[in-house]
1. If one computes P(r) from the Cα atoms of the stretch 137-216, what percent of pairs lie at distances over 22 Å?
2. Can you give me the pair-distance distribution of the chain, C-alpha pairs, 10 Å bins, whole percents?
3. Given an 8 Å cut-off on Cα distances and at least 6 residues of separation, report the relative contact order of the chain as a percent.
4. Just to confirm a number: summing +1 for Lys and Arg and -1 for Asp and Glu over residues other than ARG181 whose beta-carbon lies under 13 angstrom from that of ARG181, what do you get?
5. If you keep only loop residues by DSSP, which chymotrypsin sites (Phe, Trp or Tyr not before Pro) in the stretch 45-140 have at most 13 other Cβ atoms within 10 Å of their Cβ?
6. Could you tell me which residue out of MET188, TYR146, PHE126 lies farthest along the dipole of the chain toward its positive end? Charges go on the beta carbon: Lys and Arg +1, Asp and Glu -1, centred on the Cα centre.
7. Looking at the chain, identify the longest residue range that excludes and avoids all trypsin sites (Lys or Arg not before Pro) in DSSP loops having at most 15 other Cβ atoms within 10 Å.
8. Take the Cβ-Cβ distance between LEU123 and ARG181 as r, set R0 to 22 Å, and report the resulting FRET efficiency rounded to the nearest 0.05.
Amino acid sequence: MSKTHYIQNDLWKDRFADCPAVTMNKNRIVAEEGTYLNQIYYVESGRVKFSITTPEGNEKIMYIVNKGELIGDLWSSTHRPYFMSATTITKCTFRVMEPKAFVKVLLSDPTLVENWMGNLSELMEFLVDHVTELVFLDKEQIIVKYIYRLSFNYGVQTDKGIKINTKMTHQLFADLMGCSRITVSKIMSILIKKNVIMKEDGYIYITDMDELKRMLNLL
């Protein structure tokens with residue numbers, strides 16, 4: 001996903017600034033699979049996971065949204081049940097807007113529409129990539145590709161390398177990949193020993209971007 005992502009350009013911050021604020025603690029359901037959404041949530045702070053659940057009760061995380069992103073912008077106007085559940089994974093503060101008001105804001109600015117549609121394309125690309133990765137790549141390749149993708153959305157250049165400016169725990173990687181935390185820890189240790197990445201204060205730093213790209217056959 002590209003640098004035009006919401007987190008990079010604060011696309012919605014000013015437009016939701018005067019909307020009512022709602023705070024939810026960790027593990028609260030924002031939107032439940034199979035129900036209808038009647039409002040748009042702007043993530044002012046915190047992090048939310050989108051997941052699907054099998055009839056047996058097994059959960060698969062599809063993607064995660066952070067500060068600056070929206071929940072419900074696609075589905076609230078379709079009058080169809082939501083196909084995933086959105087659950088807070090940290091304490092979150094949202095700004096809430098009615099769907100009709102959101103459409104009015106959207107249509108008032110052609111540039112806003114263009115950016116919004118671009119981001120929808122990025123989300124579609126991400127979901128297709130995610131399914132492809134789970135089917136065709138091994139676990140190490142999936143983690144490497146996910147770190148590479150994070151560098152586009154959250155990468156900040158520092159003296160130590162490219163800092164992924166959002167914390168990703170091994171358990172969160174495991175939930176996204178559908179594997180064990182132990183598997184993620186082993187792969188992370190290999191990448192650290194190869195000096196491809198380092199970790200400090202819970203943040204990942206890419207210390208050798210060229211080698212990371214070579215591992216993905218991008219160089």
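Computed from the coordinates by the stated procedures, all read-outs in this text should not be read as laboratory data. Just so it is clear, the model here is predicted, and its values are computed rather than measured. Please note: Cβ atoms are built from the backbone with ideal geometry, for glycine as well, and neighbour counts cover all protein chains shown.
1. The proportion of pairs with Cα distances above 22 Å equals 13 percent.
2. It works out to 7, 31, 36, 20, 6, 0, in whole percents.
3. 21 percent
4. +1
5. Those that pass, being in a loop and sparsely packed, are PHE83.
6. Highest projection toward the positive end goes to MET188.
7. 92-159
8. With R0 = 22 Å, the Cβ-Cβ based efficiency is 0.25.
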